[in-house]
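Here's the structure we're looking at; comments come further down.
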Amino acid sequence: MAVFGALMLAPAAVSLLFGESDWTAFLISSIVTAAVGVAGAFLAEPGTDGRIGNRESMAITTLGWTACAFFGALPFLLTGSLRGTADAVFETMSGLTTTGATVLLDVEAQSHAILFWRSFLHWLGGMGIVVLSIALLPGLQVGGSQLFRAEVPGPLPDRLEPRIRETAQRLWGIYIILTVGQTVLLRLFGMSLFDAVAHTFGTVATGGFSTANKSLEAWNSPAIHLTVTAFMFLAGMNFTLHYRALRGDFEPIWKDDELRTYAGIVLAAIALVSMDLLAHSRYSLGNTLRHSSFQVVSVITTTGFTTVDYDVWPPLSRAVLLLLMFVGGSAGSTGGAIKVVRMNVLAKHSVRELKRAVYPRRVTVIRLNGKAVPEEVSSAVLAFVILYLSVFLLSMLALSAMGLDFMSAVGAVAATLGNIGPGFGLVGPTCNYSAVPTIGKWLLSFCMLVGRLEVYTVLSLLVPGFWRKP
Amino acid sequence: MAIHGNGASLRVLERAGVSDASLVIAVTDLDEVNMLACILAKQAGAHTTIARVRDPDYDTDLALASDGTYPGVDVTINPDHQAAADIARLIKNPDSSEFDYLAGGKVQILSYTVEPGSPVAHTHVRELNIATATLVAILRNGDVLIPRGDTAICPGDKVFVVGRRGVPSVFGWRAGREATRLRTVSIIGGSSIGYYLVRALEPLAAHGVQLKMFEKNAERCRALAEAFPRLTVIQGDPSSLEVLQDENAEGSDASAVVGDNDQSNLLTGYLLKRMGVPRVVVALKRTEYLPFTGPMDLDATVVPRVSAAAAILKIIRGDHVLSLALLKEAQAEVLEVLVSESCHACHIPLRDLGVPAGAVIGVLVRGGQVIVPRGDTRILPGDHAIVFTVESAREETARLFELR
C-alpha cells in the first residue's frame, strides 16, 4: 500500500508538468494511502508465524486488489472529476483490472493528471497480472492455471517468494521493452508524447482507456492503428514466449499450441468480419481490413480500444466480437476472459468425451504442446469455465432486473468480466457505463475483479470454510 | 564350481577368483547387487562384466558407466527388454515363430510350423529341392531331428530354415502359409514387457499400423497413454471375452500376450487364437508350462529368462561366434563361426568332412555372398559358416571348427 501511495506521485508530477492545479489532490491521496499502508504494516498482528499458504495468497491478492481500487479512487473524488464512490471505484477498478470501461462522460475535459492516472492504473494492473498469472496462480493451482506456467525459463527455486521475484523481474523487463517500443513508434507516427504514453499503457496492459472520447477513432492514421493492433496482439501472447524470443529461442514459439490457436482464431475472426463488412457496409477494402483487424484483436486481447463504432456493424460481425469477448488472450498475458489455452483444453476434452461415448474403454490423454495434461487440470478448467459462465449469467440476470435491455446487459457483463471495456448497446463504444445504476456499477466492479483474478481466487473467499482454521 | 555366499561381498568374489576372470555375469534378482558385484569385480581385475538390471531408472546411470567414465558394468541385460525385443521381431516377421538375423543381417534363420494342407506335408526332404536355403532342423513332439534326405516332413512339424535374407520367406509360402500384412497389432498387458514392446513397435505405428493395448489397471493405462501418443489404450480385463470382442481383438493381425500372470496369459492367448487371430505370441515367466503349450496352437512363446540367457550367450561366445540364436531352451543352437586359417575344416569337400550327425552347415558367407553348400562345397578361411547344432553335438562341432 505504501508503494501504491508513492506511485500516486507520478500523476502529481504530470500535473505539475502541465501546469495544472490538481497536483494537490494526488499529493493528499498519496499521503493518505502511504500512511494507511505504513500503519497497516506496523499494526499487522505480531505473533503469527507469517507463513503464506494457498489461502493466505488468495486472500492477500483479492483484498489487496480491492484496497488498491478504493484508495486509487481518491484522486478522482478529490479532484472532483467523478462524484460518488461507486463511480470512482468503478473507474479505478476498470483501470487496475485493465478493463477500460469508463463512467467519465467527457474524457477530453479531464486534466492531464487524471488521464495519466487512469492509463497508469492500467499499466500497473497489467504488470501485476502478468506476474500473478505466471508466477503466483500456477502455484495455487486455481482453475487449471498450472497450464499458465508454460515452462517459465531459467532456474526455478522451490520456494514461492524468490521464484516470484525472479520471474517478476524478467517479465517486467519484457513489459518495459514493449512499452518503450510502442511509445516510440506512436510518437513517430504523429501522436503527442502524452497521448502516445497513455495509449501505450492502455495497449500493453490490454486496458483500453483512451485520452480521447472517440478512442483511437480520433487519430485517423493507418500507421497508428496498425501499430496498436500489432502491440495488442503481442500483449495478448504469453509473456514467457516473449522471453524465449528475446533469448533467440524461436523453436518452441512456432510450435506452441496456444499461440497457434490464438493466431488461428484471430485470423479466422478477421476473415469472417471482413467478409461480413464488405457485403453489408460501405467501407473500402483497406478500411475494412484495418477496422476489422483492429476490432478483432482489440476484443480478443480484451483491450477495448475502438477505431469505429462496431455496435452499428452487421449482426454477424457483432456476434463474432461477442464470442471473442469470452475467448480472451493467452495465458500469462495481460489479456483477460477465459483464455485461449483453456479453450484448447476444453475443446480437446469435449472431443475426447465424444469419442468415449463410442469406445467407453479407451484411455486417452489430453495433450498440450505434446505433454499430457493431468486429469485434475482438465477438470479444473472445466469447472473454471462453468463458474465463469455462471457469474456471467447471474450478473446478466441482475443487470436485467435493474432495467438494462438484453443486449446491453449481455455486453456489459461480458465486457467487464472479460476485462474488455466497451460492450454493446447502452455500454457500446460510443456510449459509456455512466448510465448503469449505482448498484449495477458495484456489481460490474465486482465482475471486473472476479474476471481479472481468474474467478477462483475471488470466489474461494466466499466459500464458508475459507476463513476457518483447517 | 559353485560358491555359496553374498555376490556383492568382495571376499566372496575374491574366493571365486574374479580378479583373473575374463567374464563376470551377475544375474541375481536384485539390480543393486548385480551392479555392485560387477563394479567390485571390475576393480579387482575382471575383463568383462555383465549385469542383469531391470529398473529403467538405472538406464542413464549405466550409459554413463559404459562409456568409460565410471568403469564397472560393461553390458547390462534386461530380461523384459530382451523378451520384448524378441516378441517385436516375431511380430514384425509374421511368417515365422522364431527368427533371427545372422552374419550382420545377410542371413536369416527362421522357423515355420507345417500345416496339414501344406504342399510340403508328407514329402521327403530330398523332394523339396530348394536351391536357395537349407533346412537345418525339424522339431517334432519336442525332439530336435537333423533332417537327412529320407526324412519325411509331417504336419505339425516345426521346420528351421537358414538362407539368404528374404529367401526363406519364399520357403515359408511353400511350408503352407500366405504372408500376412500387419494392420493391427494388439498387446495384452501393460507390464514392463508390454511397455518395452510398445516402444519397439512404435515405428510401425508411424506407418499406419494400429497398436492396441489392453490393460486392466487404470494407472498403468494412463501412464502408457501419456508415454505413447499413437497407442490405443483400452482399459479392461483382457481375459474377459466381452472386452476382447467389444474392442475387436479378434480383428488383429498379431497379438502379444504379455500380462503379469502366466495362467491368464495362456488363457487369453488361447482365446485369441480360437477367435481367429492369425498370430499369437505369449510371454511366460516360467518354463514349466512350455511343454503343454503345443496343443494350444500358439504361434510362439517367449520366456524373458531364456531371452536374457540367449543374449548373454551371444556375448560369451565372443571371439569366433558373432551372433547366435538360441532355440527352445537350449536344445539346439545356431553358431556363426568365422573360419580361421588353421581350421581343420578348410579345403575339404563337405561330404568328406565328417560333420557330426547332430549338426548341419546351413550356409556359408564368403565375401558378402551367401552360398548354400552342397556335398562338394569346400570351406575356405575367412568364410562365415552358419552351423546348426543340437546340444549333444556341440562339443564335436566346436572341435571341427576349433572353437573354445
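The values are calculated or read from the model by the stated rules, or taken from the named source; none is laboratory data. Keep in mind that this is a model prediction, so the values were computed, not measured. As a convention, Cβ positions derive from the backbone with ideal geometry for all residues, glycine included, and neighbour counts pool all protein chains shown. For the accessible areas, the whole protein counts, side chains as well, though only heavy atoms, and no ligand, DNA or RNA atoms are used. Shrake-Rupley method; radii C 1.70, N 1.55, O 1.52, S 1.80 Å.
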Report the Cα centroid-to-centroid distance between the range B:260-286 and the range B:221-251 in angstrom, as an integer. 15 Å
How large is the dipole of the protein assembly as shown about the Cα centre if only Lys and Arg carry +1 and Asp and Glu carry -1, each at its Cβ, rounded to the nearest 20 debye? 820 debye
Each residue of B:231-242 has, on average, a number of other protein chain C-beta atoms within 10 Å of its C-beta equal to 2
Given axes a ≥ b ≥ c from the Cα gyration tensor, I'd like to know whether chain A is rounded (a/c under 1.5), prolate (a/b larger than b/c) or oblate. rounded
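Share of antiparallel DSSP beta bridges in the protein assembly as shown, in percent to the nearest 5? Present the calculation step by step, with values, prior to reporting the outcome.
Working: 47 of 75 bridges.
Looking only at bridges with both residues in the protein assembly as shown, the antiparallel portion is about 65 percent.
Checking understanding here: applying a Kyte-Doolittle mean of at least 1.0 and a length along the axis of at least 20 Å (C-alpha), which whole DSSP H helices in chain A pass? Please list the in-between numbers first.
Working: long enough: A:23-43 (30 Å, 1.86); A:54-72 (27 Å, 0.40); A:112-131 (29 Å, 1.17); A:160-188 (42 Å, 0.42); A:257-280 (34 Å, 1.08); A:285-300 (22 Å, 0.58); A:340-358 (28 Å, 0.09); A:375-401 (39 Å, 1.86); A:438-452 (21 Å, 1.05).
Result, helices passing both filters: A:23-43, A:112-131, A:257-280, A:375-401, A:438-452.
Just to be sure I understand: if I project the alpha-carbon convex hull of the range A:208-279 onto a plane and average over all orientations, what area do I get in nm²? Kindly include the intermediate steps, with their values, before the conclusion.
Numbers: hull surface 26.1 nm².
Projected area, direction-averaged: 6.5 nm².
Can you tell me the convex hull volume per residue for the range A:377-451, based on C-alpha atoms, in Å³ to the nearest whole number? Please report the intermediate quantities before stating the final value.
Working: hull volume 5.6 nm³, N = 75.
About 75 Å³ per residue, rounded to a whole number.
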Dipole of the protein assembly as shown [Lys/Arg +1, Asp/Glu -1 at C-beta], most positive-end residue of A:16, B:350, B:265: A:16
Please list the three semi-axes, largest first and in whole Å, of the ellipsoid equivalent to the protein assembly as shown, using sqrt of 5 times the eigenvalues of its alpha carbon gyration tensor. 76, 30, 24
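Determine the share of chain A's accessible area contributed by carbon and sulfur atoms, expressed in whole percent, with a 1.4 angstrom probe. If you can, show how the numbers build up before the last one.
Working: 12930 of 19000 Å².
The value for chain A is 68 percent carbon and sulfur by accessible area.
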Theoretical ellipticity at 222 nm over chain A - DSSP helices of four or more residues, -39500 (n - 2.57) apiece, nearest 500: -20000 deg cm²/dmol
Two-site FRET efficiency, residue A:461 against residue B:10, from Cβ-Cβ distance with R₀ of 60 Å, rounded to 0.05: 0.40
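For the interface of chains A and B, what total accessible area is buried with a 1.4 Å probe, rounded to the nearest 100 Å²?
Adding both sides of the contact gives about 1100 Å².
Provide the per residue accessible area, probe 1.4 Å, for the protein assembly as shown, rounded to a whole number of square angstrom. Before the final figure, lay out the partial values.
Numbers: 37510 Å² over 874 residues.
Per-residue value: 43 Å².
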